[in-house]
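The values are calculated or read from the model by the stated rules, or taken from the named source; none is laboratory data. The structure displayed is predicted, hence computed values, not measured ones. FYI the Cβ positions are ideal-geometry reconstructions off the backbone, even for glycines, and counts take in every protein chain you see. Keep in mind that these areas ignore ligands, DNA and RNA; they rest on the heavy atoms of the full protein, side chains included. Shrake-Rupley method; radii C 1.70, N 1.55, O 1.52, S 1.80 Å.
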Amino acid sequence: MTVLETTQTRTPSAAVRSGRLFLLDLSGGRVLSMDSDGSKRKIIAADCPHPDGIAVDVAAGHVYWTNMGIPSRNDGSIERADLDGRNRTFIIAPGGTFTPKQLHLDKASGKLYWSDREGMRVMRANLDGSQIEILVQTGEGEDDRRDQTRWCVGITVDPERKQFYWTQKGGDNAGVGRILRAGIDMPQGETAASRSDVEVLFDSLPEPIDLEIDHSRRLLYWTDRGNPPRGNTVNRAPIDAKPGQTTPQIVVPDLMEGIGLALDVPGNRMFVTDLAGSLYVANLDGTDQRTLLAAQGNLTGVAYVAI
């Protein structure tokens with residue numbers, strides 16, 4: 001999650017910038033918070049059934065996260081708690097979404113967006129979980145569910161162009177991953193399964209996962225958990241380019257199944273997690289990459305906030 005989307009705060013220099021990270025421990029079923037150097041870790045929620053995506057609303061004092069549940073069952077959910085873990089509650093009850101993945105908070109519109117992998121959908125709802133909508137539907141039924149090219153994983157929103165972006169990763173190292181985009185507003189008379197405004201921005205990617213936008217530079221960032229050289233990387237590309245008119249730039253290599261991504265644009269840094277349990281920090285151009293945590297189980301979603 002990109003800090004610019006959550007709060008408007010004063011901007012200290014990078015040399016003294018601190019802030020707070022919120023991190024998901026998939027194998028331990030926990031939501032953690034810590035300083036941006038990985039110190040002062042706290043458990044703010046436990047017994048989460050396979051947490052994957054996370055978003056923070058600093059102004060409201062809330063953290064949201066997705067629980068994938070058991071992927072073969074329709075038991076996914078989205079929870080919310082205060083930043084210290086109190087007042088934990090479901091906003092999307094188990095079964096309200098199949099296998100929710102990355103989560104994006106669009107504070108201006110009061111919406112949460114998420115991708116639903118085995119549900120083969122892109123969805124959104126109000127911040128209290130009301131008014132659930134399906135924005136994209138890539139398949140129906142068990143036969144389609146076995147087709148991993150239909151699985152939606154990452155999500156982010158570009159309010160300036162009124163579009164949302166999502167990933168469909170494809171099979172493991174199959175080289176059929178895609179990044180797509182469509183309008184926030186459904187074309188009149190169309191449906192989530194038939195909408196005509198879907199564009200494929202990139203295709204034939206190893207396995208694209210989470211997405212983030214640097215709105216100030218109009219750059220789209222994403223993790224890819226496929227095999228090297230193009231996979232296990234963080235990539236970026238101009239967001240305003242037309243499909244087929246730009247080549248992604250690899251800015252961070254050598255991840256171990258990269259998953260989570262959070263941008264601190266004012267601080268010129270990104271935070272990245274992988275399934276080997278590492279948390280990394282690097283400049284937005286990929287330089288000065290450092291490991292903050294290692295061998296922490298399986299890490300998934302990460303969010304940064306300047307508090």
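Summary of values
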| read-out | value |
| --- | --- |
| Cα centroid separation - segment 97-121 against segment 178-215, whole Å | 13 Å |
| Choice from MET68, MET186, MET123 with maximal GNM fluctuation in the chain (Cα, 10 Å cutoff) | MET186 |
| Pairs from LYS40/LYS111; LYS42/LYS169; LYS42/LYS101 whose Cα-Cα separation, in the structure shown, is over 27 Å | LYS40/LYS111; LYS42/LYS169 |
| Area accessible to solvent at GLU160, 1.4 Å probe radius, in Å² | 140 Å² |
| Surface per residue (accessible, 1.4 Å probe) for the chain, Å² | 39 Å² |
| Kirkwood Rh and Cα Rg combined as Rg/Rh, segment 123-213 | 0.97 |
| Cα-based reach from LYS162 at 18 Å (exclusive), listing aspartates and glutamates while leaving out same-chain residues under 8 positions away | GLU5, ASP106, GLU133, ASP185, GLU190, ASP197, GLU199, GLU212, ASP214, ASP240 |
| Entry for Cα Rg over 2.2 N^0.38 Å (calculated from the structure that is shown) out of [x] 0.98; [y] 1.29; [z] 0.90 | [z] |
| Sequence of HIS50, HIS104, HIS62 when ordered by accessible area, the most exposed leading, probe 1.4 angstrom | HIS50, HIS62, HIS104 |
| MRE, 222 nm, helices only [DSSP H, n ≥ 4, -39500 (n - 2.57), over the chain, to nearest 500] | -500 deg cm²/dmol |
| FRET efficiency for MET256 and ARG290, using Cβ-Cβ distance with R0 set to 25 Å, rounded to 0.05 | 0.95 |
| Amide N of segment 197-217 lying under 12 Å from the label point, which is placed 7 angstrom from the Cα of THR246 along Cα→Cβ | 201-202, 213-217 |
| Calculated FRET value between SER18 and ASP147, using beta carbons and R₀ = 35 Å, to 0.05 | 0.20 |
| Cβ-derived FRET efficiency at R0 51 Å, ASN268 paired with SER72, nearest 0.05 | 0.75 |
| With DNA, RNA and ligands ignored, accessible area of LYS40 (1.4 Å probe; Å², nearest 10) | 140 Å² |
| Length released on extending from SER130 to ALA93, taking residue separation times 0.36 nm less the Cα-Cα span | 12.2 nm |
| Rule-of-thumb Rg ratio for segment 202-307 [Cα; 2.2 N^0.38 Å; N residues] | 1.00 |
| Proximal charge balance of GLN249 [Cβ under 13 Å; K/R count +1, D/E count -1] | 0 |
| Long-range amide H partners of ALA276 with built H, under 5 Å | MET256, LEU299 |
| Proximal charge balance of SER204 [Cβ under 13 Å; K/R count +1, D/E count -1] | 0 |
